[in-house]
Each structure stands twice: as C-alpha cells, then as structure tokens.
Amino acid sequence: MAELFTLPVLLGIFYSGIRLATPYLYAAIGETFAQRSGVLNLGVDGIMLMGAYTGFYIAMKTENLLLGLLGAAAAGFLMGLLMAVVSVSLQAEQGISGIGLNLFGLGLSTLLFKVTLGGVESIRGFQPIRIPLLGQIPYLGDIFFNHNLLVYGAFLLVPIANFILNKTTFGLKVRAVGQNPQAADTLGVNVTLIRYTTVCLGGILAGIAGASLSLALINLFQENMTSGMGFIAVALVYFGGWRPWGVLGGALLFSFVNALQLWVQVKGINIPSDIAVMMPYILTIIALTFSGRRARQPQALTKPFERGEN
Amino acid sequence: MKKIVVRIALLVALVSLLLSACAQPAAPTQPAQEEKPFRVAVVMPSTITDLAFSQSFFEALKKVQEEEGGPSKFEIAYSEGMFNVPDAAAAIRDYASQGYDLVIAHGSQYGTSLSQIAPDFPETAFAWGTSLDTFQAQGINNVYAYQAESQEGGYVLGTIAALMSKTGVLGVCGPVNAGDAKLFVDGFVAGAKNAKPDIQVNVTFTGSFSDVSLMASAAETHIAAGADMLTGSSQSVVGAIGVAKDKGAYWFGTQWEQTPVGPETVVATQVFDWTIVIRDMVKSVRAGVLGGKAYTLTFKNGGLKLVYNDKVPVPDDIKAKAQETIDGIMNGTIDPLSGPKQ
Amino acid sequence: MPSKTEYSRLLNRTIEALLPLLAVPVALLIGAVMIYALGVNPLQAYGTLFQGAFGNVSGFTQSLVKATPLLLVGLGVTIAFRGGVINIGGEGQLIVGALAATAFSIGFSDLPRIILLPLTLLIAALSGAIWGGVPGILKARLGVNEILSTVMMNAIALQLSNYLLRGPMIDPAEIERGTQIAQSDLLPQAVWLSRLMPRTLLHSGAILALIMAVLVYIFLWRTTIGYRIRAVGLNPDAARYAGIPVQFYQALSLILGGAFAGLAGGVEVTGVHHRMIEGLSGGYGFSGIVAALFGKLHPLGAIPASVLFGGLLVGADRMQRATQVPSALITVILGLVVLFVVSSEIWARRRARRRETRG
C-alpha cells in the first residue's frame, strides 16, 4: 500500500481525477437545473452520446473545435427539447421517458456514426493551456492549471450554476417550480416555460459533456463511448443534494476513487482488478448512506404539472 | 376527443393493412445459375468496424469472397452487435434453417447455444471461436472450432516494446482478464520480461470490453506512471490509443490494425488472418465434411502476422530480434507463455 | 346480461388500455422513414419483422423465450412501481440471481431434481431479493434514493460476475484447455428446465412466469400486504396518516422486485444457457421496465406486453438479418416506441378524468 502514497502517484491521482470529473460535472450540473425544476431526466447518457457524436463529426469536417462544441450543444439542446415535450407537455412518466430518450440517443448516434464515419478515427482535440503565473506553481500548477479549455469550463460552471440557482430571479423561479408548481403558478410563474428552459439547458450541458469526451479527453468517437456515465451523472445530482457544490464534491470523489483504483492496479497491489473497478461504486453507496438524510429532494420531482389540478 | 380516436384508429387500420399486404416476404427470385453460391452467415458480438475481434474475421470473409469470385459466388450474411446470447442463438438457428452452408458463431460465449443448435441441423456446417472444442465428445460432428494463439504475438510485441522503451516501463490496458485477452496479456508480459529482465510491466483491467472512457483513463494512468509503450486488447482500446497519441506514447495492437486511430502512434500490430481457417472450412464443407476439426492461428501457419507501421521507425536490430523471436516460437524453442525452453 | 353502462364502461377501459399501444405504429412509421433513407424498402423490412416475431413457430417460440425474463423482471418492476419506488437495478439483481443459482446447483448437484430445482430457483430469487434489499433498506433507513443505489448495484454486480467467472467459478475445462473463457461449468442436468418443444429453446420457465404473474396479481389486489404496498405507492402521505409504515413497505417492494429479477436470472441459466456466461442479462433489466410499462404496471397486463415487446425485439433482429440495416436502427425505433408510448398515456388519462367528472 505504501507505494500509493508517493508524490508522483498522488499528483497523478489528482490530475486524472480532475480530468475525469469534467464530463460528469457538465452533465450533472445540467441535470441539477432540470431536477431543481422538478424534472428527472434519466436520458442524460443518450444526450451525451449525441453531443459526443455531433461535436466530433463537425469538428472533423470543419477542422474547427469550437464549431464542434457548438454543434454538440445544439444537438444536446434538441434532445433536451424532445425530453421537455415528452415529460413536460405530454406529462409522461419521467423515469421511463428518460430510458426511451437514452435508447434513442444511443441508437441514433451509433447509426449516424456508421453511416457518416464508418469506423473510428481520431482528431487533435482541445490542448492543455497552462495558465500564466498560476501554472508555474510547483506541483499545484501541474494539477490545477495545466488543463484544456473544457476542464476549466466545467469547474467554472459550478460557482456560476450556484449563483444562478440561488441569487437570481430565474433561479428562484426554478426552485419554486420544483418545490410547489401550483403555488408558483398562482404567483404568475410560467411553470411550463421554466421547465422547458431547465431541461433544454440540461440537454445543452449534457451535449457539451459528450463533447468533452470526443473533443478533449479521448479525441475520437466510438459507439456507446459513454458506457453509462450519464446514469452516474444523474446519481451525482442526488449525491450532491441538488446543490452545485455538492455535485462538485460527488464528481470529484467518484473520479478520484476511479483514478485511485487504476493506480492500485498499475502499482500491482494485490487486489483483483474487478474488485478495484467496483471501488468507486461501493464508495458512492457508502458515502450516500452518510449523506442520505441531509439531502432534501425537490418536492415536485418527477411530478408532472397540469393547471387546475388539486 | 372522439375525432382523435377515430383518426388514430384509421391510421392503425391503414398501417396494419399495409403491413399485412407485405407480410409475405418476397420470394427470392434469383435467376437460375449454373452453380449455387456458397452461403456463409456469421454472428458477431461487436461490430464489423470494431478494429478488433469482429472486424478481423469479417475482413477475412470478404477476402475469401473476392477470391471466390464475388458475392454471386460466395454470399455473406452477418449479424453484428449480438452481445445478448439468446438473440445470437436465435440468429444462428435462423441462418441454419435458411439453408446457409456454413454458419459461424464468432464469440466464445455462443458455445453452449451452438452445442444445442448444431444437432438439430445435421446437414449444416457450423463453426465457432475462439475455442478448441468441436463438441465431438458430445457426439456432434458438424461443428468446427477455431482459436488464435494470441500469446505468440503478445510475446513478440512484448519483446519489441521492452527493447524500444526508454523509461523501462510498459503499460498493458486489458479489458477482462479472461479468454483471448488473457492469452495476449500473459504473452506480452512474458516477452517483455525475457527481453529485458529488469523491465517493469504494469497491467490494468477495466472490467469491460466496451468502456472506452475507462480505457482512456487507464492509458493516462500508465503514462503518468512512466510507461512510454502501451498495449491492450478488445474494441475499447481505441480510447487508450487516442490518449497515447495525445501524450506521445507508442501503441502495440492486437487482433486488427488500429493504425487509423493513431497513424503515428501504433508501432506494430499482431493481425489475425482468419483466411486460412475460412478457406479450409469452405473447402471441407464443399467436400462434404461438416465439422470435427479445430483450427489455431499461429505464426507458423501464417494465421498470425506481425505488421509494422511504416510511419513509426523501429531500429533494425530490434526488428531482427523480433524476427528471431518469431522464428523461435515457430520452431518451438520459445514458449510464448514463459520464455525460451531450456 | 350486463347493462348498457357496464358495456360502455368496459369499452372505455379497453380503449384506455389500448391507447398507449397505438403509439407503436406511429413510432414504426418514423422508423420506416429512416429505413427508407438507408435504401431499404420499409414495407419489406417490417414484413420480415412481424413474420420473424409471430409468423412462424421458430420465431414465435423465440419471442416467448425472450418474453419470459421480460415478464419476470417486469413483475418485479411492477411491484416496485406500485409501491412508489423505481427499480432500475433489475440488471444487477438478475446477474446475482443467475450467479447464485449456478453456484448452488453445481455445489449440491447430487440432490434429486425434485428438491434441487425448486431450491435453486428459490436461491436465485433470494439473492435477487438481497441485491434489491440493499437499496431498499438504505432507502427505508437512511433515505438513500433508490434510482442512484440500484444503478450502483448494477455496476457492482457486473464486476462481481466478472470476478467470479474468471476466478472461483470458471469452468475447469477452460483452464485445462487454456482458452480461459469466462463462463461457469455446466449446471447439473437435474436443474435444466424441461424444453416444451423440440428444436426450440422454449422451456417451462415460461409457464412459471405466467403463474407468477397471476400470483402477483392476487398478491397485490387480494392481500393486505399488497393493498398496503399499493396504498403507499398511490399516496405515501395518506398511507402514513392511515398508520401504514411507509418506509417498510417501500423497502419491501424493492426486495420483492429484486426477488423477481433474481428469479429471472435463475430461470435464464436453468432454462436457456445451462451455465453462467458473460453478458447473460443482455439488457433485460432495462427492457423489463419497458415491458412493465407496456403492461400499464399491471401484473396481468405485463403478460401480453412482454410477449409483444419480446416479439418486437426478436422480429427486429430478424429484420436486421434479412435487410442488413445496422442494428443501431432497431435501438432508435425501440427508443421512439418507448417515448411514444409514455407520451400517449396522457390521452388515456384525460379520457379517464373526463369520464370521472362526467360521473
């Protein structure tokens, strides 16, 4: 075990932990908005795949990464819109419609990949940018200030989301709609509009989460490349108690443990690899048992809203 | 409301009418040919473009098709992405009942199902891999089996990687420690250790054949731990190759050429060439022998090939050493799972 | 002689139950456009789909084989939903059930069939119950959200299976031969479920699943525990007010849900594969949710729903083989079917509500 606690290993765990947390952060922060307004979107994984594919395809064809990113956001928006129509306007059971959206995104991204690309190709993605001055700090500079644009963006998103949710009128409306849509409606808040906005915003961020894989972390597209990350992202929202900072904590914990289990294997510590791969999941459950009660779920989560009910 | 119901009902009626009108699939009206084409069907767990196990087999089938004179003489049908075994079993049964001459179950997880299906179609030839079990012990005589001795190429690639490494650390990105992947990884480690006894080989497994992102993280961790030469197996390694390319590490591939993912990253690949297996099976089936033989791919029979990537220079002395190793494996002086025999 | 109002009531109910199923053709129509875009005749493609699912004996039995685990998992999902909890852990529960059934039947292979087979299936159900019970108890005791914990339990079960199948439980022949395939030894013949038809995979597990559906119906609608589970699901606050221990019944419905998914795993190994293999679950944990929904979360509705959905899956595979369209297209169409079905429920609900207000 001692070989894990050397400086290079710890630096490595922190560095890859931060990188790994990036897609989870985008997706989970987006989902936080949706859930805060009362919509559980279980289709995040499918949206991420559509974002990953669209971003990659556009970036490859135009050789412009930012256009790719924009395309990923647009694809995410459209998927979010679809989810909003189904779950808000048509008041469908949210858990199930999420599973449907997921299948749809998984299938469509694979289909498009086959028809347009045919096979796996890679591109040169977003490169690390060392932040002047801060990047020169020994050790810390490498861990925190030598990442690509999308990693910085993910971490900046946390305080921004926190601000929007807690300090703006829009955030107030979102929370009101998620707690008691009937009351919010009486006060003149357009419940439907708010839910459309948050679900679409969640879609955009999930699309960017996908692009952070295909344009920055892995730099290629392969079918089902998220392999269930979207579900973990939804889990992190619960974990974080529907607060952006809590989500950040959850994403970092999950990613650090994941980075740690890989180091455990690399260092040849005698644990079966399958047990090592389980570690992040077991730890998340354990962590949840300690934070479960504290978290207060939005009262109207998963409940569709219809005027004149009650 | 009533209107909507009526409209939907009309729509349904229309659709079901259309569907029933075409429920009888058009009978194949192929013009009578002098010679019936040889028909092969293959069921595969991943896709025909996976740059790995499934693609290696499909490309070999296409090559044999070309040799045989194209689709009119040699027909190929395939089902990809059949990770669900009962679905695969249904596909195998379906192909057999459609009268395909040779039905191939290209995944070791299909074995049990195949052993149940094959006796029901004694006139059809079946094949499966990777395995060496033709079920003859169970009294089944119409099944071929095939396996790649991946450890051979693993051993050679391990030798090259160890000799090329400047840091003295190699990284292995494995999927699940079983089957073909285990053979390859064990061979790679043995080859590296024998070429350079003080080499360090770090091995990780992601527990999945398809988790591209975890594979990418594994590669990243290996590089952070000092590895400059990486290898791995399964269709998920593209994630690792992408990372290696980004960080300037080198990659050693297996199963199928992965050069498109990293044109200047992949050093060499152990390519599975299944054509020798397919050719021989086709020949035997035509001669009326429907199974009972197990094939292996080895360097010796030409089923395994070491393919260098021209874009990545490998020093001549290392290439010579690699060839020497291949020769050693071929003449039996080297055991690819342990090393030179005393 | 039923009165006219009774007739119209029955008619209304039937229309409400059937409305969501009308969404299927609409989704298929969109799929048809995509099939056409891929250069394949959609009519011919769908022709093979229906032919492949229900048009001949081999297709239809295959649909039933597929429907069996879907029905069992779907029953578990139904109980959980009725109790107001969402069980996404069917995948993991099924894997654990299959692992336990395999280990137990191989370990006690000298027991006679009449004892060994029921015990094996019972062990499978019990292990599934334990796997579902962990999220259940965590929810009841500590308020841990079950969506989250069941997803985590799925990942853990998958790795557990990887570990056991390449280590402690691997078929000794695989090590001997050097092929190292991750699968268990064959189960003793004593636990193989009887095949109902020669040359097909149809096994007696299908009958077991049918019996279970009836039992679940009786359980939910004719027993006190079942009534309480439904009361908790309908309105937890009212149930609490009525003195029902809500958390206990939520945990119980997750445990029962796990038991049925575990049983599905046991039936899959004893009925279909006769050994534990990698990828045994093949997404039944998720498809079972869809089947339960098709069945309107009613145990008896789940029977035709899982046959229909199983048939759809089987036929879609057949269509892929016949037309060689990418299999991903099938996933797209399935996704659309699910989206359309859940969306269309609104019409049925509105009808029901109007009927109520009209009195």
Failed criterion for B:Ala178 (all others in (1) closer than 22 Å to B:Gly107 by Cβ; (2) free of Cβ contacts under 8 Å to residues at least 12 places away in the same chain; (3) within 10 Å of chain A (Cβ to nearest Cβ) hold):
(3)
For the range C:275-294, what are the residues that are at pLDDT 85 or above and surrounded by 24 or more Cβ atoms within 10 Å (Cβ to Cβ)?
C:Met276, C:Ile277, C:Tyr284, C:Gly285, C:Ser287, C:Gly288, C:Ile289, C:Ala291, C:Ala292
Conditions: (1) in contact with a Lys or Arg (Cβ under 9 Å, 6 or more places away or on another chain); (2) closer than 25 Å to B:Thr134 by Cβ. B:Thr265 meets all but one. Number of the miss?
(2)
Kindly evaluate A:Val115 against the criterion of being within 14 Å of chain C (Cβ to nearest Cβ), aliphatic (A, V, I, L, M) and free of Cβ contacts under 8 Å to residues at least 40 places away in the same chain.
yes
Might you let me know whether the range A:63-77 holds any residue that is farther than 30 Å from B:Gly226 by Cα and outside any helix (DSSP H, G or I)?
yes
Members of the range C:182-235 that are in contact with a His (Cβ under 7 Å, 6 or more places away or on another chain) and assigned to a loop (DSSP other than H, G, I, E, B)
C:Leu186, C:Leu187, C:Trp192, C:Leu193, C:Ser194, C:Leu196
Residues B:Phe184, B:Phe252: which one is in a strand (DSSP E or B), away from chain A (no Cβ under 12 Å), in contact with a helix residue (DSSP H, G or I) (Cβ under 6 Å, 6 or more places away or on another chain) and under 30 Å from B:Lys341 (Cα atoms)?
B:Phe252
For the range C:158-196 the number of residues that are aliphatic (A, V, I, L, M), away from chain A (no Cβ under 14 Å) and out of contact with any helix residue (DSSP H, G or I) (no Cβ under 6 Å at 6 or more places or on another chain) is 4
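Residues checked against (1) surrounded by 24 or more Cβ atoms within 10 Å (Cβ to Cβ); (2) free of Cβ contacts under 8 Å to residues at least 40 places away in the same chain; (3) farther than 15 Å from B:Ala240 by Cβ:
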{"residue": "B:Ala145", "(1), (2), (3)": "yes, no, yes"}
{"residue": "B:Val156", "(1), (2), (3)": "yes, no, yes"}
{"residue": "B:Thr159", "(1), (2), (3)": "yes, no, yes"}
{"residue": "B:Phe188", "(1), (2), (3)": "yes, no, no"}
{"residue": "B:Gly191", "(1), (2), (3)": "yes, no, yes"}
{"residue": "B:Asn194", "(1), (2), (3)": "no, no, yes"}
{"residue": "B:Gln200", "(1), (2), (3)": "no, yes, yes"}
{"residue": "B:Thr206", "(1), (2), (3)": "yes, yes, no"}
{"residue": "B:Asp211", "(1), (2), (3)": "no, yes, no"}
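Quick test for you: out of A:Gly135, A:Gly100, A:Gly105, pick the one residue that is crowded, with 23+ Cβ neighbours inside 10 Å, at negative phi and more than 7 Å from every other protein chain (Cβ to nearest Cβ).
A:Gly105
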Go through (1) within 13 Å of chain C (Cβ to nearest Cβ); (2) surrounded by 24 or more Cβ atoms within 10 Å (Cβ to Cβ); (3) not aliphatic (A, V, I, L, M) for A:Ser214 and report which single condition fails.
(1)
Assigned to a helix (DSSP H, G or I) and either more than 12 Å from chain A (Cβ to nearest Cβ) or under 17 Å from the mean Cα position of the chain (by Cα) (or both), is that true of C:Glu268?
yes
Qualifying position, being among the β-branched types (Val, Ile, Thr), surrounded by fewer than 20 Cβ atoms within 10 Å (Cβ to Cβ) and closer than 19 Å to B:Pro175 by Cβ, among C:Ile181, C:Ile207, C:Ile170, C:Ile211
C:Ile170
Note: among B:Glu75, B:Glu66, just one is surrounded by fewer than 19 Cβ atoms within 10 Å (Cβ to Cβ), more than 8 Å from chain C (Cβ to nearest Cβ), within 21 Å of the chain's Cα centre (by Cα) and outside any helix (DSSP H, G or I), namely B:Glu75
Taking the range B:316-337 and the residues there that are within 24 Å of the chain's Cα centre (by Cα) and outside any helix (DSSP H, G or I), the one that is farthest from B:Gln258 (Cα to Cα) would be B:Asp335
Can you name the residue in the range C:304-359 that is within 20 Å of the chain's Cα centre (by Cα) and among the aromatic types (Phe, Trp, Tyr) and, of all such residues, is farthest from A:Leu103 (Cα to Cα)?
C:Phe309
Output the residues belonging to the range B:213-228 that are more than 7 Å from chain A (Cβ to nearest Cβ) and surrounded by fewer than 24 Cβ atoms within 10 Å (Cβ to Cβ).
B:Ile223, B:Gly226, B:Asp228
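Taking the stated definitions as given, is C:His298 surrounded by fewer than 20 Cβ atoms within 10 Å (Cβ to Cβ), under 20 Å from the mean Cα position of the chain (by Cα) and either away from chain A (no Cβ under 14 Å) or not small (Gly, Ala, Ser) (or both)?
Criteria met by C:His298.
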Matching option when the condition is buried (at least 18 other Cβ atoms within 10 Å of the Cβ), within 12 Å of another protein chain (Cβ to nearest Cβ) and at pLDDT below 85, among C:Val26, C:Val85, C:Val77:
C:Val26
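Within the range C:352-359, is even one residue of a type in the set (S, T, N, Q), within 26 Å of B:Pro86 (Cα to Cα) and out of contact with any Phe, Trp or Tyr (no Cβ under 7 Å at 6 or more places or on another chain)?
no
Could you say which residue among B:Phe58, B:Phe83 is of a type outside the set (Ser, Thr, Tyr), surrounded by fewer than 24 Cβ atoms within 10 Å (Cβ to Cβ) and within 9 Å of chain C (Cβ to nearest Cβ)?
On the way: B:Phe58 fails: within 9 Å of chain C (Cβ to nearest Cβ).
Residue meeting the stated conditions: B:Phe83.
When residues of the range A:132-181 are filtered for being outside any helix (DSSP H, G or I) and among the hydroxyl-bearing types (Ser, Thr, Tyr), how many remain?
Adding up the residues that qualify gives 2.
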List pairs: first in the range A:5-31 and within 9 Å of chain B (Cβ to nearest Cβ), second β-branched (Val, Ile, Thr), Cβ under 8 Å, 6+ apart or cross-chain?
A:Leu11/A:Ile143; A:Gly12/B:Thr221; A:Tyr15/A:Ile143; A:Ser16/B:Thr221; A:Arg19/A:Val151; A:Pro23/A:Thr226
Inspect the range B:194-210 for any residue being under 19 Å from C:Ala182 (Cβ atoms), more than 7 Å from chain A (Cβ to nearest Cβ) and at pLDDT below 90 and give the result as yes or no.
yes
Taking the range C:127-163 as the search range and keeping residues that are over 22 Å from A:Ile232 (Cβ atoms) and buried (at least 23 other Cβ atoms within 10 Å of the Cβ), which one is nearest to the chain's Cα centre (by Cα)?
C:Gly128
Looking at the range A:3-21 only, could you name the residues that are surrounded by 15 or more Cβ atoms within 10 Å (Cβ to Cβ) and either in contact with a Leu (Cβ under 6 Å, 6 or more places away or on another chain) or not in a helix (DSSP H, G or I) (or both)?
A:Ile13, A:Ala21
Among the helices (runs of 4 or more DSSP H) lying completely within the range A:219-310, list those that include at least 3 residues that are touching a residue at least 60 places away in the same chain (Cβ under 8 Å) and within 12 Å of chain C (Cβ to nearest Cβ).
A:229-239, A:244-266
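The values are calculated or read from the model by the stated rules, or taken from the named source; none is laboratory data. Because the structure is a prediction, the values reported are computed rather than measured. Here the Cβ is made from the backbone with ideal geometry for all residues, glycine too, and neighbour counts use every protein chain on show.
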